[in-house]
Amino acid sequence: MPASDLNHTTVIRSLTKAGWSIVKEQYSLAIGENADNLRRLYIDILAQSQSEQIVLIEVKSLEVSPVHQFMQLVGQYIVYRSALDHLENDMPLYVAISEVDYETIITHPLGLRVMEQTLKEPILLVIYDTVNEEILRWIPPL
């Protein structure tokens with residue numbers, strides 16, 4: 001299984017404080033017809049709200065190299081969403097990023113261009129505060 005992101009635990013605590021239950025960490029998707037071509041993908045968190053809404057959340061940090069890590073985020077999201085669609089799984093897939101990362105790259109003209117004009121469908125985001133460990137907003141709102 002892949003290593004957890006730097007802020008994985010912070011996101012777990014933030015979700016829990018907001019009343020979400022963590023159903024599973026490292027939610028696995030398997031695609032392929034047989035053992036020879038089976039490919040597994042792991043999404044960081046499967047969470048359930050108090051109203052029983054279920055979402056998948058991939059945690060990302062963009063601190064080291066924001067543009068490069070943003071490119072990886074976009075590519076990973078597209079692959080995960082494509083895999084979910086292939087499996088006819090319509091669970092919402094969110095990317096959890098810190099407020100600082102959101103303001104650094106997502107609201108930057110490059111980030112806005114990619115998010116609003118380049119992608120077929122926008123990436124769903126959950127923005128969290130790393131210091132207070134709380135969810136600030138869901139984009140789009142839940």
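The values are calculated or read from the model by the stated rules, or taken from the named source; none is laboratory data. Just so it is clear, the structure is predicted and the values come from calculations on it, not from any experiment. Using ideal geometry, Cβ is built from the backbone for each residue, glycine included, and neighbour counts are taken over all protein chains shown. For accessibility, only protein heavy atoms count, side chains too; no ligands or nucleic acids. Shrake-Rupley method; radii C 1.70, N 1.55, O 1.52, S 1.80 Å.
The figures follow:
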{"read-out": "Residue in the stretch 37-57 that is of a type outside the set (A, V, I, L, M, F, W, C), outside any strand (DSSP E or B) and within 19 Å of His86 (Cβ to Cβ) present", "value": "yes"}
{"read-out": "Filter pass, Leu41 being of a type outside the set (Lys, Arg), exposed (fewer than 14 other Cβ atoms within 10 Å of the Cβ) and touching a residue at least 40 places away in the same chain (Cβ under 8 Å)", "value": "no"}
{"read-out": "Number of the exception - Arg81 against (1) within 14 Å of the chain's Cα centre (by Cα); (2) closer than 16 Å to Val11 by Cβ; (3) open to solvent by 30 Å² or more (accessible area, probe 1.4 Å)", "value": "(2)"}
{"read-out": "Failed condition for Ile123, given (1) under 16 Å from Tyr77 (Cβ atoms); (2) open to solvent by 70 Å² or more (accessible area, probe 1.4 Å)", "value": "(2)"}
{"read-out": "Boolean, His86 is more than 20 Å from Arg137 (Cα to Cα) and free of Cβ contacts under 8 Å to residues at least 12 places away in the same chain", "value": "no"}
{"read-out": "Residue satisfying all of: in the stretch 1-33; modelled with pLDDT under 95 and open to solvent by 80 Å² or more (accessible area, probe 1.4 Å); farthest from the chain's Cα centre (by Cα) among these", "value": "Glu33"}
{"read-out": "Matching residues, the stretch 21-75, being among the aromatic types (Phe, Trp, Tyr) and more than 18 Å from Pro122 (Cα to Cα)", "value": "Tyr27, Tyr42"}
{"read-out": "Verdict on Tyr80 being among the aromatic types (Phe, Trp, Tyr), more than 15 Å from Val126 (Cα to Cα) and part of a strand (DSSP E or B)", "value": "no"}
